[in-house]
Structure formats: C-alpha cells, structure tokens
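Read the structure below first, then the notes.
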Amino acid sequence: MNFTLKVWRQGGPDTAGRFETYQAKDIQGEMSFLEMLDVVNEDLITGGHEPIDFDSDCREGICGMCSLVVNGIPHGGQKGTTVCQLHMRSFEDGQTITIEPWRAKAFPVLKDLVVDRTAFDRVIQSGGYISVNTGGAPDANATPIAKIDADYAFDAATCIGCGACVAACKNSSAMLFVGAKVTHLNVLPQGHPERFTRAVNMVEAMDSEGFGACTVTGACAAVCPKEIPLDVISKLNKDYALGVLKGVGV
Amino acid sequence: MLDSKIPSGPLAQKWDKHRFDLKLVNPANKRKFTVIVVGSGLAGASASATLSELGYKVKCFCYQDSPRRAHSIAAQGGINAAKNYQNDGDSTYRLFYDTIKGGDFRAREANVYRLAQVSTNIIDQCVAQGVPFAREYGGHLANRSFGGAQVSRTFYARGQTGQQLLLGAYQALAKQIAKGAVQMFSRTEMLDLVLVDGHAKGIVVRDLNTGRVTSHSADAVVLATGGYGNAFYLSTNAVGCNVTAAFRAYKRGALFANPCYTQIHPTCIPVNGDYQSKLTLMSESLRNDGRVWVPKKPGDTRAASDIPEDERDYYLERKYPSFGNLAPRDIASRAAKEVCDEGRGVGPGGLGVYLDFSDAIRRDSEDAIRARYGNLFQMYEKIAGENAYKTPMRIYPAVHYTMGGLWVDYNLMSNIPGLFVLGEANFSDHGANRLGASALMQGLADGYFVIPYTIGHYFATTPKNCPSDSSQEFRDVEKQVNERIQKLLSIDGKRTVRSFHREVGKMIWDKCGMARNKEGLEEAIRLIPSIREEFWQNVKVTGEPEGINKTLEHAGRVADFLEFGELMCLDALERDESCGGHFRTEHQTPDGEALRNDEDFAYVSAWGFTGDSSRPSLEKEPLVYEEVKMTQRSYK
C-alpha cells in the first residue's frame, strides 16, 4: 500500500509549525500506524533529514503515551483503539492521511507531534488519590464491595490519561478525564471520605490549567480509546455540586 | 567475597529479626536526607511515595512524559499473594516454595521468603488505595490460578492488573508531589551514576525536552529502572525500555548478576514482519481456559476447524498431565519451540501454536469467557485481525522479562554503598525463571515494604554526606556524558540506529534466546564486538543535542545494548548447565527438560566491569539452601 502523509512539523514550542508532505511507500496492512511512521522515519534519517518526532512507548494501547490526530480524529477514529493499535489495513491504498498533534491550550506542542501533558499530572495531584500512607491498611477483605460498584469503578479506572478527550473537545475540556478519576475513587468506600473535596479540587485545578468548560456534546467519549462512558461526567457534576453546597475544597 | 547479608536464624523469622536489628533514623532527621529514585514503575513509584511519607526528601526521575506511563502499566494477568482466601491450601510457605521451585532453585531463599511474607500486605495496601480488583458477588476479592501453582492466589483487575496497581502507586506518588515531598522529573533520562568516595551520591541526567545535561546529588540513589528485554530488539517491553541506567552503574563498579536469565513468555502474538517494533503479550491467565495444541502431522496447512480432534496434539496436557496448560513459562515456551522445530507450527512461517477456547466457550458460554478476558480478545483481534471466539488464537513465545539484574544484598543494596536496586532491575527473587503474577508482587514488595526499612540502616550507619552537585566528581561525569552525546552526533554514517538495534537483537535472540549452546554463544561473543565497532563508525544520528531528539535517545540506549548483549552471552556461556529460562542444549534430560548441575553451578554469577577491552571479572555468590532441598523440577 502507498500513502501520502500530510504531517505537522514544528521545530520547538516557540516556533511556527507547518504541514509537510511525505510519501509512505510499500506499507503492509499488518503494520500499525506507528510502525508505518517508523518506516517513513527510517527513510528520512537515511536521507539525512530529521525524522518526525512523535510520542509512543508501550505500543499496546495501555500506557497512553501515543497522541496523534489522524484525519481530524484523535487516535484515528477506530472504536476503542489507540493510534499505536490502529493498523494500516483499515486505510485505503493511495489515501492521503493528515497527522497532527493534540491541539489544546493546556497541551502546548513541544516539537512536531509531541505535546506537553503535565497538566494532567497536576490535576491528579490536586485530589486524584486516596490519602492513605503505606502501612497499617486493614485486611483487603474487611470491607466487602458490591461487584456492581467494583466493576463500575474499574470501568472508570481504565482511563489511560492520553488526552484524546481534550483533543476532541471543541472547548478542550478535560471533564471526561476528571470524571473518570472522580468516579473511580468516589464509587469505592475507600474513596468516600474525600469524595466532595476531591471533586471540587480537581475541577478547580482543571480550570486553572486552562482546560475549557463542558457542554456535554460527547465528542470525548466517542474518541476515548478505553470507551469511558459519558456518565462519569454526571457523577462528577453531582459530587462537585454537593461539594460546592457543602463549601468544601481548596 | 560477596556478602549477601542474609540474617541468621530460622527462615521464617529472618525478616522480623532483621527489621529489629536495622538501625533507625530519627523522624526529625529523616528530612535531612535526600534520596534519588530513578524509574516510576511499580517499584520506583511505590518507593518514592513511601520514602517521602517517612520524611525523606525524594527526587524521582522517569523518561516518559508522566510517571503513570512506566511499563508496569502493561502487566495483564495479576499479582500473587498468600492470602489463602480460597481456603485451597495456600500459605506463605507454599508461595515461597512455588517461587523457589519455579525459579529452578537459583534464587536466594531468604529474599523469596520475605517476598512471600509481605505479599499479603501489598494486597491490603492496594485495596486501601482504591485499586479495583475483581470481586465476587458477595463483595469479596476474587482469585484465579496462574502458571506454576496449584492454588488460586492471583488477584487481578480484568486483564489490566498492572495498570490498576501502577495507578495506585502513581496516585500515592501524586499525593506526595502535591505536598512538595517528592520532586518529579519526567522526560528526564539518567545517563550516568556518580560516585563520591566510593558511595553512590547522584546521577547525571539529560532533560529530554531541552537536551540539557545536569547533575543531581543525594544521600543515596535507588534504581528501579526495569529490565533489559529490549536487548533482543523485539520483546514485549515498551519501545523505550532500556538497560542504560543499570549498565552505567555496572560500568561504575556495580556487579551485574545472572544477565543470561531471561524469560521467554509462551503466549505472545507471533511476529509478522521485519518492520515490527514490538511484540504483544497475551496474558498467561488465558491458559486457565485455553488449550494449547498443534496438528499431529508436520506441514498440516488445513484450517484449525478442519483438523479433527484425534489429529490434534494437546502437547502440554500430554507431557505435563498434572499442570497441563498451566506449566510454567520456560517449560511452555520450550515445548512450543520444540513442536515448531518439528514442522508442526501453525500460521505464516510455521512459528505459532494454537490457543483454543472452544471447549471453555462450550462449557461456560461465550459471555463468561468475554467477562474474564474480553480486553485480551479485543487486543488480539486488533493486532491479528482474527476473532478468537470463532477461531483459535495463534501464539508464539517472545522475550518478556529479565530475571537477571544488578546484584543486591538482602537490604537491596548493590556492592556500591548507597546504590539500591529494586524490582526487575535487581536479580534476587526469581532465580532462573519467574512465575506468572510475581513481577508485580516483587516490584511493590521492594518499594512499599523493603526499601523503607533498609535504606534507613544505610543512613544510620554511614557518615552523612550529600555532596554538592557541582563538585568535581559531578563535573567530570557530566563532561563524559556530553562527550558521548557529541560523539554519537558527529559520526554521521550511513546506517540508522534502528538497523543496528535490529541486527544485534536478532543475534542475541538466535544465539542466546530460548535455546543456547557453546558454539552459538562463542560465535555471538565474536560477532557482537564487530557490530559495535561498525556502530561507532557508521551510525547516523540526525538532529541537535538541544531540544527533543528521539534518535539520539535511541542511539545512546542501543550503544549500551551493544555492550551489554556481549555480557549476556558471556554469562550464558560460562553457565555450563541448563536451569529455568537458561536452556543449554548440551544439558537436557532424556525427555528434553532442563538439566541442572547443582554441584558446580549453585551460585549467582556476579560480573564486574574491568575495562572496555578486558574480560569482566566473575564473582560467585554460593546459593545456600537451608530450608528447601534442591530437586529436579517436575510438573508432570
């Protein structure tokens, strides 16, 4: 298969970017999207050109490092799939493919397709944890947790923190990301004591990092590679509202 | 002579006794000590969080853009703990024994017993952090069985246990970062270790965003930098995983133990082509319900569904009736290689075996199988393009984990005072083969429950010294690091970094992979230096030292693999016996199992760097078994 790639190139955080066109030749359908870029980069390096920089690590869809907007859709639009797990067989031979970085005020571009997502870490630091130190935890079976709650918490906890939700949102809101963490922890009895402060503090942190507001259009859930359901945002809104009424937080 | 510092006394009381004997640091004094932790996986994140909770000042480093992305996140199957919640006969002693036996009697008894002891605390801690383990309808924790064990002691969170445990540790770390107790440096790679007066006192790092090379000093350095599986180029590791931190420590005097012990995991998606950048694991837990088979006839190209039952060879069930499909990893991998070598492999190139769920689906329903392994089936379909509910999965062994690592004593301190090594980066707990669901257990045991006790003893018994990061020792190492970067960028040859990585990786896989022999290892030891020589003359590294330069990052890592690979082969050659994952074809039982030689090889091989062109020195730590009798491992 052969493809024409239009790729966002940007030298550094403070330089202007532009699209460059490359040809990807003799690509096999079994290659992942990132392996296709590896092949293009090998050719660029051999020709003495700088390769296209992009982030990736585990390449099995779980670390959340890869972050490409492919033809306008974060991770390329295959349901429940990160771009490292997207395979070239899902494209048509001869197709033109546009590749861009996540675009959001809170995720500045560092170089080419690499963005800075440390804002997510800071949002977690504002309350995305249970305040327990190591040692002295009660027996793991001391508090039974209904399977339905454990499963619900798990579904929310599968978020990989990739940021596709932010990249897809017209307002660059991080509500799905924050909702997922708040739901994971607030559904569990261990997370109950801090549930209101957690919701309030994480929303405050999200706002101060420059993420936008949520209008519940659902673009985030549509592109989420872990298919985090939109209702985590309802859970977040509920606990946030109760927290504000109780006057807790920051 | 290596001193493992194993406490005296009965095995079951060693850790208790040792904890009492360890000197303490007064709570008010702890804040005066700075600890550098390199790596933010299960071991690094749990150590950083816990040490800072105790009051130490912690600086944590990772090469990823966030500590949450360390490769522990990809562990699928589960974590072992001797909780005996299933009332099926488990105990601390049984977990200890299974691990020792699974490691083919090449692990250190006292370390493994401690691991089994603290395993139960790990589960308690993780549940308190909000890790959503699988639960039964009554609300209690669920367990499953795993390879090499006949009890159900594995706790799991669907097929994403590593992710959930790592997020637990990451969140504990985030809590400490928010308090200002941990300073986090992401996208920062350790490029060298700095010794002052013979003690590990800091590191030199490169900021991967700006390219700046800087120094960080501390009272002690903790390496939790994972394994070296990417020496093989293709492995289940993340593409960024590397041996650089551990290897740089080796070149500064730390001993590297058992580098030839590598684990080839039996259930991975087979290799497709040369372009491939990594291999994907399918959790071993699948072997609870999947049956492994190949056609009886060599060269049988019929579709799986067209091969009748009596023409299939369920070879694991045939050869190991009592463990069946749950035979340990090294044994299952070799058995797969054997049937493929006989020409009975399936799929392109004949390098694959079937993992068939049809019986389990008939017995328990497709929905039940989906509930247990849904995400794994989904992952398989994405990569292989096949629906494993309808046709059997095709799997083949792939490099997965490395049991070898930097040598440490019972306190997890290397032979360099002040340098501690945790998790996969050390060598101590898994012997020559690791059992499934034990890596997560070890990473968290080291970070949450061992290092917090043992590091204090080092501080309490050594004169306090946290040198300035601009002292001469640091300036010298910084200079060397910068020179190496300049050198890599100035070669401007014709071949890419990746082509060298692929070449040396294939060499190591062919000669030092699932089966090894003297001839092949000697050949590799002869040829690897020539690849290395070509690398330093003909590699092409584009770009600048400043700013993001991923080619430069990769080049530095491959340069270290090119030296380290030779050490792996040397160790494999020197260990003239078979044990666990180290299978020397010259040493096998009549039915093809690994044949140990306890008389001559019941020791840990600890290699020391002696110079770039001289043979490393070999120190031997004898493995003394006070409790367990070494036997021929049998899973029949």
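The values are calculated or read from the model by the stated rules, or taken from the named source; none is laboratory data. Because the structure is a prediction, the values reported are computed rather than measured. Positions of Cβ are generated from backbone atoms using ideal geometry, with glycine treated the same way; all protein chains shown enter the neighbour counts. Areas reflect the complete protein model, heavy atoms only, side chains present, ligands, DNA and RNA absent. Shrake-Rupley method; radii C 1.70, N 1.55, O 1.52, S 1.80 Å.
Can you pull out the residues in segment B:61-120 that are of a type in the set (S, T, Y) and open to solvent by 10 Å² or more (accessible area, probe 1.4 Å)? Talk me through it step by step, then tell me what you get.
Here is the first cut: in segment B:61-120, the residues of a type in the set (S, T, Y) are B:63, B:66, B:72, B:85, B:91-93, B:97, B:99, B:113, B:119-120.
B:Y63, B:S72, B:Y85, B:S91, B:T92, B:Y93, B:Y97, B:Y113, B:T120 - these are the residues of segment B:61-120 that are of a type in the set (S, T, Y) and open to solvent by 10 Å² or more (accessible area, probe 1.4 Å).
Can you find a residue in segment B:530-539 that is among the aliphatic types (A, V, I, L, M), in contact with a helix residue (DSSP H, G or I) (Cβ under 8 Å, 6 or more places away or on another chain) and assigned to a helix (DSSP H, G or I)?
yes
Would you check if there is a residue in segment B:212-232 being of a type outside the set (S, T, Y), part of a strand (DSSP E or B) and in contact with a Gly (Cβ under 6 Å, 6 or more places away or on another chain)?
Yes, segment B:212-232 contains at least one residue that is of a type outside the set (S, T, Y), part of a strand (DSSP E or B) and in contact with a Gly (Cβ under 6 Å, 6 or more places away or on another chain).
Give B:Q160, B:Q164, B:Q125, B:Q171 a once-over and let me know the one that is in contact with a Ser or Thr (Cβ under 8 Å, 6 or more places away or on another chain), on the phi < 0 side of the Ramachandran plot, open to solvent by less than 10 Å² (accessible area, probe 1.4 Å) and at the interface with chain A (Cβ under 8 Å from one of its Cβ atoms).
Details: B:Q160 fails: open to solvent by less than 10 Å² (accessible area, probe 1.4 Å); B:Q164 fails: in contact with a Ser or Thr (Cβ under 8 Å, 6 or more places away or on another chain); B:Q171 fails: in contact with a Ser or Thr (Cβ under 8 Å, 6 or more places away or on another chain).
Sole residue among the options that is in contact with a Ser or Thr (Cβ under 8 Å, 6 or more places away or on another chain), on the phi < 0 side of the Ramachandran plot, open to solvent by less than 10 Å² (accessible area, probe 1.4 Å) and at the interface with chain A (Cβ under 8 Å from one of its Cβ atoms): B:Q125.
So B:P392 ticks every box in (1) at pLDDT 95 or above; (2) surrounded by 20 or more Cβ atoms within 10 Å (Cβ to Cβ); (3) closer than 30 Å to B:I6 by Cβ but one. Which box is left unticked?
Exception for B:P392: condition (3).
Quick one: B:L573 ticks every box in (1) open to solvent by less than 20 Å² (accessible area, probe 1.4 Å); (2) in a helix (DSSP H, G or I) bar one, so which box is it?
(1)
Can you tell me which of B:Q480, B:Q442 is in a helix (DSSP H, G or I), in contact (Cβ under 8 Å) with a residue 12 or more places away in the chain and assigned by TED's automatic domain parsing to the domain that holds B:V539? Even if it seems obvious, please write down each step before you answer.
Details: B:Q442 fails: assigned by TED's automatic domain parsing to the domain that holds B:V539.
Unique residue meeting the criteria: B:Q480.
Taking the residues in segment B:395-438 that are among the aromatic types (F, W, Y) and touching an Asp or Glu at 6+ places or on another chain (Cβ under 8 Å) as candidates, determine which candidate is surrounded by the most Cβ atoms within 10 Å (Cβ to Cβ).
My answer is B:W407.
Pairs, please: C-beta under 7 Å, at least 6 apart or cross-chain, first residue free of Cβ contacts under 8 Å to residues at least 60 places away in the same chain and in segment B:164-189, second in a strand (DSSP E or B)?
As it stands, the answer is B:I177/B:M184, since those pairs meet every condition given.
For the condition in contact (Cβ under 8 Å) with a residue 12 or more places away in the chain, acidic (D, E), within 25 Å of B:Q64 (Cα to Cα) and not assigned by TED's automatic domain parsing to the domain that holds A:P229, what is the one hit in A:E50, A:E30, A:E42, A:E100?
A:E100
Kindly check whether there is at least one residue in segment A:49-71 that is farther than 21 Å from B:C241 by Cα, open to solvent by 20 Å² or more (accessible area, probe 1.4 Å) and outside any loop (DSSP other than H, G, I, E, B).
Looking for residues that are farther than 21 Å from B:C241 by Cα, open to solvent by 20 Å² or more (accessible area, probe 1.4 Å) and outside any loop (DSSP other than H, G, I, E, B), one finds none in segment A:49-71, hence no.
Report whether or not B:A224 is open to solvent by less than 10 Å² (accessible area, probe 1.4 Å) and either more than 14 Å from chain A (Cβ to nearest Cβ) or not acidic (D, E) (or both).
No: the conditions fail for B:A224.
Has segment B:280-293 got any residue that is modelled with pLDDT of 95 or more, open to solvent by 10 Å² or more (accessible area, probe 1.4 Å) and either in a loop (DSSP other than H, G, I, E, B) or not assigned by TED's automatic domain parsing to the domain that holds B:E386 (or both)?
Scanning segment B:280-293 turns up no residue that is modelled with pLDDT of 95 or more, open to solvent by 10 Å² or more (accessible area, probe 1.4 Å) and either in a loop (DSSP other than H, G, I, E, B) or not assigned by TED's automatic domain parsing to the domain that holds B:E386 (or both).
For segment B:21-80, how many residues are of a type in the set (S, T, N, Q) and either within 13 Å of another protein chain (Cβ to nearest Cβ) or under 18 Å from B:Y228 (Cα atoms) (or both)?
Final tally of qualifying residues: 9.
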